[in-house]
């Protein structure tokens, strides 16, 4: 189970359904928040730059500070759409980088990036009721998710992040567990969106997920971190 830190305007926030107007600030000091997760025993952190994902500035300095402060692996994403951006986050100390919008739209670019950064990229497959969504969840991509998974299986990617955007921040479990896609995936399988209870985590584990990214359920107290770690370390 991987605690999530979503960054917006320099603060750690949670959103509902990926919509900015639902912003709820969980910490004005995201570096301290990252350190607190490390102290509590988190084995990995998930850090997303929402500003960069939406093309509205960035949180580069905050991310660099988090990476300097913690000793545990950090996977980071949000607006990573060219080689220079990927090279930068790895230079800062990120263990893995999430690629979504451009990777979904340009398979040749994804292939090239996995050659340059083998075993360090995670394909972000974000879905809602419309299908696969990109550009900070604002646009629908005309792609077949099964073909994306098949491509991921052929490349030296480290994993695939399956996000149920519609369930994000709603504290009611992952509404749509894509079991067929999860079983099709031969890389590390990470769930995100809606996991709220220990039972939700068990359901994700039983569906074939290796890990789950959790945000609002942890910050609201709906999910106990220690119990969650027992189900999905």
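Answer with yes or no whether residue 34 is at pLDDT 95 or above, surrounded by 22 or more Cβ atoms within 10 Å (Cβ to Cβ) and within 18 Å of the chain's Cα centre (by Cα).
On the way: at pLDDT 95 or above: yes; surrounded by 22 or more Cβ atoms within 10 Å (Cβ to Cβ): yes; within 18 Å of the chain's Cα centre (by Cα): yes.
When the stated conditions are applied, residue 34 passes them.
Kindly evaluate residue 202 against the criterion of being more than 22 Å from residue 27 (Cα to Cα) and over 13 Å from the mean Cα position of the chain (by Cα). Reasoning before the result, please.
Working: more than 22 Å from residue 27 (Cα to Cα): yes; over 13 Å from the mean Cα position of the chain (by Cα): yes.
Here the answer is yes, as residue 202 does meet what is asked.
Within the stretch 18-31, which residues are outside any strand (DSSP E or B) and exposed (fewer than 15 other Cβ atoms within 10 Å of the Cβ)? Hits for the stretch 18-31 are 28, 29. Restricted to the stretch 141-150, and to residues there that are outside any helix (DSSP H, G or I) and in contact (Cβ under 8 Å) with a residue 12 or more places away in the chain, the residue that is nearest to residue 115 (Cα to Cα) is 143. Here is the figure for the stretch 156-173: residues that are surrounded by fewer than 17 Cβ atoms within 10 Å (Cβ to Cβ) and farther than 19 Å from residue 193 by Cα total 1.
The values are calculated or read from the model by the stated rules, or taken from the named source; none is laboratory data. In this text, all values refer to a predicted model and were calculated from it rather than measured experimentally. All Cβ positions, even for glycine, are placed from backbone atoms using ideal geometry, and neighbour counts span all protein chains on display.
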